[in-house]
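Any read-out appearing in this document is the output of simple, stated calculations on the displayed coordinates, not a laboratory observation. Quantities reported herein were computed from a predicted structural model and do not represent experimental measurements. Glycine gets a Cβ as well: all are built from the backbone with ideal geometry, and neighbour counts include every protein chain shown.
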Amino acid sequence: MEQAIFVKTEQRLPKASFWGLLKKIHRDEKGAVTIETILIVAAIAIPILFFLIRFGIPRIRDFFNKGLDDLEGDVQDFGMDPGSESGLVPDP
């Protein structure tokens, strides 16, 4: 029978310097396309969101408020009480 002889060897990894690590990261281009795509999408989306918040929301709010006012006016012209539960009770 053969016996395996294990010899303890000390393996040392080469000590990476900070500058070497930075150079390695700088050369790695795996995520560059993803980051560029995110930046392009953000550059397009941020001005659109700003425009919608600044100008669009007040117009949408006014549109719906006008529609509600018109609806209430039509109900009153029809002679119904808009404050009742069913809205179908004639005004006294």
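Brief remarks on what is shown
- Summing +1 for each Lys or Arg and -1 for each Asp or Glu among the other residues whose beta-carbon sits under 13 angstrom from that of F63 gives 0.
- Rounded to the nearest Hz, the phi-derived 3J(HN,Hα) couplings of region 34-39 under the Karplus curve 6.51 cos²θ - 1.76 cosθ + 1.60 (θ = phi - 60°) are 5, 5, 4, 5, 4, 5, where x marks glycine and proline.
- Two-site FRET efficiency, V41 against F63, from Cβ-Cβ distance with R₀ of 30 Å, rounded to 0.05: 0.55
- Phi to ³J(HN,Hα) by Karplus 6.51 cos²θ - 1.76 cosθ + 1.60 over region 22-31, Hz, x for Gly, Pro: 4, 5, 5, 5, 5, 6, 6, 10, 5, x
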